[in-house]
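Data block below; observations after.
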């Protein structure tokens, strides 16, 4: 499955790099057209405004700079023309930064005619291929594709090789408080932790308590699920002697937990020999809208 996703991503990046050559601005010392990689002055290149990655490891950047200093840039960066004879970086930020750090005055580059939407898509796909974005960076990237370019989650999924449910879960991470998002950015919490904690999005006090406990005790995702379940079902956790709790089928209990994680609200399943009802409890209109959207109700 991973190989299949890689193929999808690879095709996606190729499809976003149109082969039409671009006329080079007259103010740059080059021929009339760039049809192959050419050396472009590093000082004429501006950063990519659509870059989704916020943090670059200094150690790895220094290693790349050393490699470039001794062997040069192996793969050209991708640029597009900007105003006043300048260029805007589309793909290859680390190579560009490392080249500057290595003291290079030029860098091999391919100049393409690329729209704003394509520039952002290429940036996201490049980082996804390298698995170089943390969960919150991915969430912001997907949300920006949706907000600025009007792409649906299905369209984003098809262009990035991820399934639609994953796109939705990433975007939902942005509903978490800043403190939780920061923990996801630094790696203190994983994407799996974030998905589970989303179940407490409508219960700020519980969410703060759970996050603190997960970080302090370094709980696994499975342990975090159990913690969230106890917070959402305090009666069940405190009074395990109740027959209803003891007799609840394990499969039904697991389904209840899965629904709580998926919908982000408290769920109660009352089951008697295969018959019963599912009760969804919401604490706000936002919770209600999320339930309706998740159930596909129009």
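Throughout, read-outs are computed from the coordinates displayed, never taken from laboratory work. As the structure is a computational prediction, the values presented were derived from the model and not from experiment. Note: ideal-geometry Cβ built from the backbone for every residue, glycine included; neighbour counts use all protein chains shown.
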Simple spin-label estimate for residue 215 and residue 58 in nanometres, 7 Å along Cα-Cβ: 2.3 nm
Specify the inter-centroid distance of segment 158-207 and segment 81-113, based on alpha-carbon positions, in whole Å. 33 Å
Highest mean first, how do 133-140, 205-212 rank when packing is the count of other Cβ atoms within 10 Å averaged over residues? 133-140, 205-212
Burial order of peptide ranges 172-185, 111-124 (average beta-carbon count within 10 Å, highest first): 111-124, 172-185
